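Structure record follows, encoded as C-alpha cells.
Bear in mind that the values in this text are calculations on the coordinates, not laboratory data. From a predicted model like this one, the values you see are computed outputs, not experimental measurements. FYI the Cβ positions are ideal-geometry reconstructions off the backbone, even for glycines, and counts take in every protein chain you see.
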Amino acid sequence: MIKVKGLIMKYRLLYLVLDGMADSINDEVTTLELADKPGLDELARKSICGLMYTVGKGIAPESDEAVISILGYDPHEVYTGRGPIEALGAGLNIREGYEVAFRANFATIDPVTRKIIDRRVGRNLSTSEARELARALDNMEISIHQGYAKVVATIGHRAVVVIGSRTRKLSPMVSNNDPAYQRKGLVSIAVENPKPYVEPITPLDNSEESKAAAEIANAFFEKAVEILDKHPVNIKRVENKLLPANALLLRDAGGSIPKATPLGVKYKCRFALLAEMPVEIGIGRAFGAEVIPLEPPTGDPRVDYEKRLNTTLKALEKHDVVYVHLKGPDEPGHDGKPELKKQKIEEIDKYYVQPLLSYLDKYAIIVTADHATPPSKKTHTDDPVPILFYMPGLLPDNIEKFTEKNCMRGSLGILEHGWLLLPTIIEKYLKN
C-alpha cells in the first residue's frame, strides 16, 4: 500500500483512455463488437463494467471538454475554452485580457467562394510543412485595433492561433469560423452535417471586447488566406496533386488558463499524465499533473505501443495514478473508416493491453474512452462510452466482451457525467 499526503491507496491506478474508441449504442454492430481484442475482453471478464456519458446526455463533446470531465472536473465550472489549453500544450502563454487563443486546423478551401473542400487537408499535411506555413503567418501585424497574431503548428494539420491587441481589451466570447463545431458559451458542440462554408466570426455578446476580437480574428483569416494560397509549400503540394493548406479554420476561443484544484491535491496522490497531443498535454499542465509527453507515432504500432507501455510502467513506479491517452481509433471514426478503426483498436490490444495483462497482480486499471466517434456519423456523438474497472481481488461482473452493449449490463451502471468516475473509483475501491 502507498501512503501519500494522507491517502492510503490499495493499488496504483492506470487510467487508460482510448480516444474515440466507442461507437453509438444504437449502431447495429459497433467497432468494439467487430474487433479481435482478446486483451480487452479478458480484462473485462475480470472487471466490473458500466457505461458513462463523458460530459452529459445530449452533449457531443470535444476532446478537451471530455478529458477535463473524465479527470473529475465539471467542465462547465472550470472550462475556459480549448484555445488556451492547446496554446499551453504548445508552449505559448496568454496575456489575459489582451489576447485570445484559438484551436486551428489547416484546411483546404476555395479562396473565392470560401467553400471548405477538406477541413484537414486530406490528413496528409506533414508537421514540417505545417510549421513552414505557420512561420509565414507568425507575428502577423493586423491593422485593425493595433492587432497581431501568433501562429504555432503542432502536429499534422493542427495549429494554435493567438490574436492580440496592443491597445484594446479582447473577449473570447466569439463564434467559430469552423462550421463543424458550434459555440455554446465557451464550449463547442460537434455539428452533424454542417454546411461546408467558412463562417464569419461574430461576437457572442454585446461587449466591445468581443466585437474587437471578432474583427481581429476575421482580418487575420483573410490575410492568412492571401499568404497561404501563394506559399511555396502549397504550390509544391498542388504540383504533386495534393490539396493545398490554404486556410486556417478557427474555433474554441479562450482568454485564460483554467483555474482549478490541481489533480494531486484533489486526489491526495502523485498524479501523472501521458499523452502525445498538445490538447491533452495542455490539460495536464493546466490541472497540475506531472506531464510525460509521448513521442510522436513512428507508424509502426508494435514500436509505438511497446514504447508507450514501457513509459506507462515506469510512471507507475513513481506515481499513484497514471492517466494514459492513446489516439488510434478517433481519426478513422471521423473519416468514416470502420475497418481502419477496428485495426487501430486491435493494434492497441495486441501491443499494449495484452502485454499489460502480465501486471494484473500489481495494479488497478480503468479502461474507457473520452467520447464516441462512430464511423457511421463521422463526428463525436453524445453516446455513452464503455468502462471497465479492474482491481486484484475485486469480484467481477462476468462480462464476456468489452463492448458498449455488454458493459451496459455491468454493476457500475450508467454514469450520467464523466466527472463522477474517477472520484467514485478512488473513494469506493482504492481508498483504504
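Binning the C-alpha pair distances of the stretch 84-254 at 5 Å intervals from 0 yields a P(r) profile of 1, 10, 19, 23, 21, 15, 7, 2, 1, 0 %, listed from the shortest bin outward.
In percent, rounded to a whole number, the relative contact order of the chain is 34, using alpha-carbon pairs under 8 Å and six or more apart. Taking the Cα atoms only, what angle lies between the long axis of helix 127-137 and the longest principal axis of the chain, rounded to 10 degrees? Result, in degrees: 40.
For the stretch 84-254, what's the relative contact order in percent, using C-alpha pairs closer than 8 Å and at least 6 residues apart? Taking the mean separation of contacting Cα pairs over the length of the stretch 84-254, I get 29 percent. Relative to the longest principal axis of the Cα atoms of the chain, the long axis of helix 338-348 lies at roughly 60 degrees. For Lys307, a cut-off of 15 angstrom between C-alpha atoms picks up these aspartates and glutamates, skipping any fewer than 8 places away in its own chain: Glu276, Glu295, Glu347, Asp349. Identify all lysines with a Cα-Cα distance to Lys230 below 23 Å; exclude those on the same chain that are fewer than 8 residues away in sequence. Once the sequence-local lysines are set aside, what remains near Lys230 is Lys115, Lys150, Lys241. Which GluC sites (Glu not before Pro) does the stretch 382-432 hold that lie in a coil by DSSP with at most 11 other beta carbons within 10 Å? Qualifying residues, ordered by number: Glu400. The calculated Kirkwood hydrodynamic radius for the chain is 22.1 Å, given to one decimal from all distinct C-alpha pairs. Helix 208-229 against the longest principal axis of the chain: what's the angle in degrees, Cα atoms only, rounded to the nearest 10? Tilt of helix 208-229: around 80 degrees. Among the cysteines of the chain, those whose beta-carbon sits 4.7 Å or more from every other cysteine beta-carbon are Cys269. Taking the inverse of the mean reciprocal distance over all distinct Cα pairs, the Kirkwood hydrodynamic radius of the stretch 231-377 comes to 17.9 Å. Annotation: the residues Glu129, Glu33, Glu339, sorted from fewest to most other C-beta atoms within 10 Å of their own C-beta, follow the order Glu339, Glu33, Glu129. As a proxy for reagent exposure, ranking Lys241, Lys362, Lys337 by other Cβ atoms within 10 Å from fewest up yields Lys241, Lys362, Lys337. Using a simple spin-label model with pseudo-atoms 7 Å out from Cα toward Cβ, Lys230 and Asp74 lie 5.3 nm apart.
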